[in-house]
There are 2 protein chains.
Amino acid sequence: MDDTLIDIGEVARRSGLAASALRFYERKGLIQAEGRNGLRRAYRPQTLERLDLISCARDAGFTLSEIAELLRARPSDTELRARLAGKEREVAERVDQLTRLRDSLRHAAVCEHDPLVECPEFKHAVRRVPVTRS
Amino acid sequence: MDDTLIDIGEVARRSGLAASALRFYERKGLIQAEGRNGLRRAYRPQTLERLDLISCARDAGFTLSEIAELLRARPSDTELRARLAGKEREVAERVDQLTRLRDSLRHAAVCEHDPLVECPEFKHAVRRVPVTRS
DNA sequence: CCTTGACTTGAACCGCACTTCAAGTCAAGG
DNA sequence: CCTTGACTTGAAGTGCGGTTCAAGTCAAGG
């Protein structure tokens with residue numbers, strides 16, 4: 001257990017997040033400082049891992065409240081787990097969609113259609129998702 | 001060529017987007033009405049396809065200005081194509097990340113760690129991306 | 001002791017993507 | 001002709017995810 005605490009400035013530097021963002025996350029309950037160094041927030045090293053998870057989930061389209069919920073998740077909370085299962089389906093669908101979009105963008109690099117978006121191969125990206133309305 | 005125009009209300013219904021959003025997209029130059037039915041905007045059926053592309057790209061993390069740019073893209077615009085190639089790399093990275101996150105969420109459904117986020121298998125999602133800073 | 005510089009706070013502000021509002025207009029139906 | 005209801009406009013408002021600001025505080029170094 002490495003319990004050397006890290007000042008907010010260094011956490012900011014190492015996580016790539018602004019210090020203001022870290023304070024914002026603290027207000028939202030996503031992270032917490034273990035102590036203070038004078039006035040300065042000091043964080044446990046594990047906080048860096050947690051920040052990676054937060055960034056990852058945020059990039060995946062989770063809102064900060066959803067992330068807070070995810071961080072609190074315990075195996076006994078079946079209702080929450082059901083929502084996570086829903087999230088999984090959502091993410092899976094996004095993976096499919098993004099994969100198609102990536103392929104379209106890849107094709108755009110060599111395509112000669114004018115304009116590019118009229119290319120039938122490009123349009124493959126936007127195939128309607130079967131039935132995920134409401 | 002089916003050139004029957006469609007009223008904004010029906011486009012909204014069929015695309016799943018609010019009419020206010022369609023007007024907003026028009027102001028941003030993403031779509032345009034082909035004519036009017038009285039005051040009512042009337043769109044060509046192809047607009048529905050375009051709206052699917054817009055929704056897809058928006059979900060993929062493109063801003064509306066980036067989408068406008070994408071819609072205007074022509075094969076001769078090499079600078080823009082270079083940016084699209086950059087976007088492709090970005091999307092590819094997101095696909096990887098989302099795939100890991102999806103697997104973690106899938107695992108969360110059966111995992112007994114308390115709290116769930118402490119599960120080593122779950123943490124696999126947040127593996128640091130090699131070197132894509134700056 | 002005094003400066004420096006990185007932090008502290010709450011509150012205000014920002015950009016994005018829309019939505020909502022108030023007041024007005026039009027086409028169709030009775 | 002009058003109502004109804006879906007549209008029109010520009011302007012203001014909303015929610016999210018932060019950033020920026022002003023005024024203050026602390027620890028370390030000279």
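The values are calculated or read from the model by the stated rules, or taken from the named source; none is laboratory data. The model shown is predicted, which means the values in this text are computed figures rather than measured ones. Positions of Cβ are backbone-derived with ideal geometry, glycine not excepted, and every protein chain shown enters the neighbour counts. Heads up: the accessible areas ignore ligands, DNA and RNA and are worked out on the full protein's heavy atoms, side chains in. Shrake-Rupley method; radii C 1.70, N 1.55, O 1.52, S 1.80 Å.
Give the relative contact order (percent, whole number) for chain B; include only Cα pairs under 8 Å separated by 6+ residues. Before the final figure, lay out each step's value.
Values: 95 pairs, mean separation 22.1, N = 134.
Contact order relative to length: 16 percent.
Over the Cα atoms of segment A:78-126, how large are the radius of gyration and the largest Cα-Cα distance (Dmax), in Å?
15.9, 52
Return the average number of partner chain Cβ atoms within 10 angstrom of each residue Cβ along peptide A:89-99.
Working: counts 3, 2, 9, 7, 2, 8, 8, 2, 7, 12, 6.
Mean partner-chain Cβ count within 10 Å for A:89-99: 6.
Taking the Cα centroid of segment B:7-36 and of segment A:33-83, what is the distance between the two, rounded to the nearest whole Å?
When both Cα centres are located, 38 Å separates them.
To the nearest 10 degrees, how steeply does helix A:78-108 sit against the main Cα axis of chain A, on a 0 to 90 scale?
50 degrees
For helix A:46-59, what angle does its Cα long axis make with the longest principal axis of chain A, in degrees from 0 to 90 and rounded to 10?
30 degrees
Between A:Arg72 and B:Asp59, what FRET efficiency follows from the Cβ-Cβ distance if R0 is 22 Å, with the result rounded to 0.05? Please list the in-between numbers first.
On the way: r = 27 Å, r/R0 = 1.21.
The computed FRET efficiency comes out at 0.25.
Take every Cα-Cα distance within the protein assembly as shown, group them into 5 Å bins from 0 onward, and report for each bin the whole-number percent of pairs it holds.
Per 5 Å bin, starting at 0, the Cα pair percentages come out as 1, 5, 11, 13, 14, 13, 13, 10, 8, 6, 4, 2, 1, 0, 0.
Based only on Cα atoms, what mean projected area does the convex hull of chain B have, in nm²? It would help to have the intermediate numbers written out before the result.
Values: hull surface 49.2 nm².
For chain B, averaging the hull's shadow over all directions gives 12.3 nm².
What's the carbon and sulfur percent of chain A's accessible surface, probe 1.4 angstrom, rounded to a whole number? If you can, show how the numbers build up before the last one.
Numbers: 3760 of 7770 Å².
Carbon plus sulfur share of accessible area: 48 percent.
Rounded to the nearest 500 deg cm²/dmol, what is the calculated helix-only ellipticity per residue at 222 nm for the protein assembly as shown, with -39500 (n - 2.57) per DSSP H run of length n ≥ 4? Each step should come with its number before you reach the end.
On the way: 12 runs with 150 residues, N = 268.
After summing the helix terms and dividing by residue count, I get -17500 deg cm²/dmol.
Across the residues of A:106-118, average count of Cβ atoms on other protein chains within 10 Å? Could the numbers behind the result be given before it?
Details: counts 6, 1, 9, 5, 2, 3, 3, 3, 5, 7, 10, 10, 2.
Mean partner-chain Cβ count within 10 Å for A:106-118: 5.
What's the longest uninterrupted piece of chain B once you rule out the trypsin sites (Lys or Arg not before Pro) that are loop residues per DSSP with at most 14 other Cβ within 10 Å?
Details: sites that count: B:Lys28, B:Arg127, B:Arg128, B:Arg133.
Maximal segment without exposed cleavage sites: B:29-126.
In nm, one decimal, shortest first: how far is the label point of B:Glu121 (7 Å from Cα along Cα to beta carbon) from the matching points in the other copies?
Result for B:Glu121, in nm, nearest copy first: 4.1.
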